[in-house]
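The values are calculated or read from the model by the stated rules, or taken from the named source; none is laboratory data. In this text, all values refer to a predicted model and were calculated from it rather than measured experimentally. Note that we place each Cβ from the backbone using ideal geometry, even for glycine, and neighbour counts take in every protein chain shown.
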Amino acid sequence: MIAHPPVKVALVGCGGVARRYRKAYGALPGVRVDLTVDINEDEARQAGKELDAARHSTRFEDALAPEVAAVVITTPNDLHAQQAIASLDAGKHVLLQKPMAPTVDECDAILAAQRRSGRTLGIYMNLLDHPLFHDLRRMVQEGYLGKIALFSARLAHRGGLQWGGVDRNWRASRARTGGGSFIQLAVHYQHLMRLLLGSDVTRVQAFSRNVACPHMEGDDITLAQYELSNGALGDIQTAWCVQEEHVSLLGTRGSIHYRENRRIEYVGEGGPFQGEALTLRGDGTLEVTEECISPEWDDAKNPYNQHRRFFEALLAGRPPDVTGAEGREDVRLVQACYRVAQGGKVQS
Ligand SMILES: NC(=O)c1ccc[n+]([C@@H]2O[C@H](COP(=O)([O-])OP(=O)(O)OC[C@H]3O[C@@H](n4cnc5c(N)ncnc54)[C@H](O)[C@@H]3O)[C@@H](O)[C@H]2O)c1
């Protein structure tokens, strides 16, 4: 077997959520961090120190240096298109945070750059780190839940109540995010819904409001409903003014609910099904492993870790788990929901 030299990576945006996973880059097989970039020099320096990077910088342009082969971008949404396009045009592979960009036009511009460059573009979707969701996908595919009639998810936290005004937090700006809570949060479960059900969305309707965060421009609560091509229906609610998280799959042979990233409930006809996180017995009892708690994002040993998986795909020459086209579809659906949420007023 021919050993590849390590892929030299630049991490762009090392603070914020990147703090939760950047340590993985010290342990990913076949990868070496060459450069850390952040406009906050302390973040760039600290990340570089942790990962033993050759250099750190406050200038994005340094990520375009010839020695860098791949760029991992974790900056605010409105920077995704310009940084991803510049990286692809400089011949780099790109792993880009969700959401791909605030608008579909920007997603299309990124996809055009990817086609020009022939490089690999992946979208980071941390939900896919979780073995549970891979088990659920198998359960659906193998018919353990029967025909899925309904997918339902809520991803709600109270972060928006604390975030400051437009100047102090980019999430408060509709232009910088592409919306509000919904674009930030719904992409996760929209993606999961399409993946678990193996179906496309054919119609949406939605309501979107700002009920408790007047200092933020966008929605702090949105309720969207989806019709899928296989006949199932879905609903997704997001908020950053109230707190709760769940995902449910309701099928003709059984239903499964995953609450607060730790509790699983099952009602149905039973297995036997043996997954990595779930064991469903013939008598309808469900056993769960400790993996039912979401894995740490910096666990490089987790075979589903999406950073690990991106570089494995790159080295093996196969497409990443979440392609640019998939990232675009998630943004397209978000923007479709926002559009319909503006209509539908009850006439007097
Ligand atoms: N996967 C998830 O669950 C998840 C969770 C939170 C955020 N995100 C996404 O990650 C991205 C960043 O969000 P965040 O919460 O980390 O934001 P943040 O504002 O907390 O952190 C962004 C980091 O980028 C740096 N930065 C800003 N402009 C830069 C530039 N021009 N060049 C280099 N660095 C720059 C900032 O200094 C900061 O360290 C967003 O797209 C967001 O949607 C994903």
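Tabulated data for the structure shown
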{"read-out": "Matching strands (runs of 3 or more DSSP E) fully within segment 242-318 where at least 1 residues are among the aromatic types (Phe, Trp, Tyr) and in contact (Cβ under 8 Å) with a residue 60 or more places away in the chain", "value": "254-259"}
{"read-out": "Matching residues in segment 203-244 - criterion: being more than 19 Å from ALA149 (Cβ to Cβ) and among the hydroxyl-bearing types (Ser, Thr, Tyr)", "value": "SER208, THR222, THR238"}
{"read-out": "Selection from segment 108-158 of residues that are more than 14 Å from the ligand (Cβ to nearest atom), buried (at least 19 other Cβ atoms within 10 Å of the Cβ) and closer than 22 Å to ALA69 by Cβ", "value": "LEU111, ALA113, GLN114, ARG119, THR120, LEU121"}
{"read-out": "Segments classed as helices (runs of 4 or more DSSP H), wholly inside segment 56-161, with at least 2 members that are free of Cβ contacts under 8 Å to residues at least 24 places away in the same chain and out of contact with any helix residue (DSSP H, G or I) (no Cβ under 6 Å at 6 or more places or on another chain)", "value": "104-117"}
{"read-out": "Hits in segment 68-83 - residues which are under 19 Å from GLY26 (Cβ atoms) and not aliphatic (A, V, I, L, M)", "value": "THR74"}
{"read-out": "Conditions (1) away from the ligand (no atom under 16 Å from the Cβ); (2) touching a strand residue (DSSP E or B) at 6+ places or on another chain (Cβ under 8 Å): number failed by LEU95", "value": "(1)"}
{"read-out": "Answer from GLY271, GLY254 - the residue that is modelled with pLDDT of 95 or more and more than 23 Å from the chain's Cα centre (by Cα)", "value": "GLY254"}
{"read-out": "Conditions (1) modelled with pLDDT of 95 or more; (2) within 12 Å of the ligand (Cβ to nearest atom); (3) not in a loop (DSSP other than H, G, I, E, B); number of the one not met by ARG171", "value": "(1)"}
{"read-out": "Some residue of segment 322-339 being outside the structural domain of ARG119 (by TED's automatic domain parsing) and in a loop (DSSP other than H, G, I, E, B)", "value": "yes"}
{"read-out": "Which numbered condition GLN83 fails, given (1) within 12 Å of the ligand (Cβ to nearest atom); (2) within 16 Å of the chain's Cα centre (by Cα)", "value": "(2)"}
{"read-out": "Some residue of segment 218-233 being of a type in the set (Gly, Ala, Ser), within 14 Å of the ligand (Cβ to nearest atom) and surrounded by 23 or more Cβ atoms within 10 Å (Cβ to Cβ)", "value": "yes"}
{"read-out": "Filtered residue count, segment 207-229, keeping only those that are of a type outside the set (S, T, N, Q), part of a strand (DSSP E or B) and within 21 Å of the chain's Cα centre (by Cα)", "value": "5"}
{"read-out": "Every residue from segment 183-196 that is over 10 Å from the mean Cα position of the chain (by Cα) and either within 12 Å of the ligand (Cβ to nearest atom) or not assigned by TED's automatic domain parsing to the domain that holds LEU155 (or both)", "value": "ILE183"}
{"read-out": "Given (1) more than 12 Å from the ligand (Cβ to nearest atom); (2) free of Cβ contacts under 8 Å to residues at least 24 places away in the same chain; (3) part of a strand (DSSP E or B), index of the condition VAL33 fails", "value": "(2)"}
{"read-out": "Check on ASP62, crowded, with 19+ Cβ neighbours inside 10 Å and farther than 21 Å from ASN302 by Cβ", "value": "no"}
